[in-house]
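Every read-out reported here was derived from the displayed coordinates using simple, explicitly stated rules and does not represent laboratory data. Keep in mind it's a predicted model, so treat the numbers as computed, not measured. All Cβ positions, glycine included, derive from the backbone under ideal geometry; neighbour counts span all protein chains shown.
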Amino acid sequence: MSSMVSEYASLWRDSLKILEDAYIGGRYLAKTYERVDVEKALRAVEELFRVIEVVEHNVFS
């Protein structure tokens, strides 16, 4: 299970950094993002939900 989380973090690192930047920038800065970056970030979030479901299932089953 921990390897799944590590693999996710390695695979989606760049998209996660964009999401972090967007979160902070959305509060304090006016910044725009390329469509391709937003689409990758969205896929990263969708995959994160899948990883969380697996972790929840393993922990609470």
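Once all Cα-Cα distances of the chain are split into 10 Å bins that start at 0, what whole-number percent is in each one?
Reading the bins upward from 0: 21, 43, 25, 10, 1.
Kyte-Doolittle cut-off 0.0, length cut-off 18 Å along the helix's own axis using Cα: show which whole DSSP H helices in the chain pass.
Those that pass (Cα extent of 18 Å or more, hydropathy at least 0.0) are 35-60.
Note down the magnitude of the dipole of the chain about its Cα centre, charges +1 on Lys and Arg C-beta and -1 on Asp and Glu C-beta and zero elsewhere, to the nearest 20 debye.
200 debye
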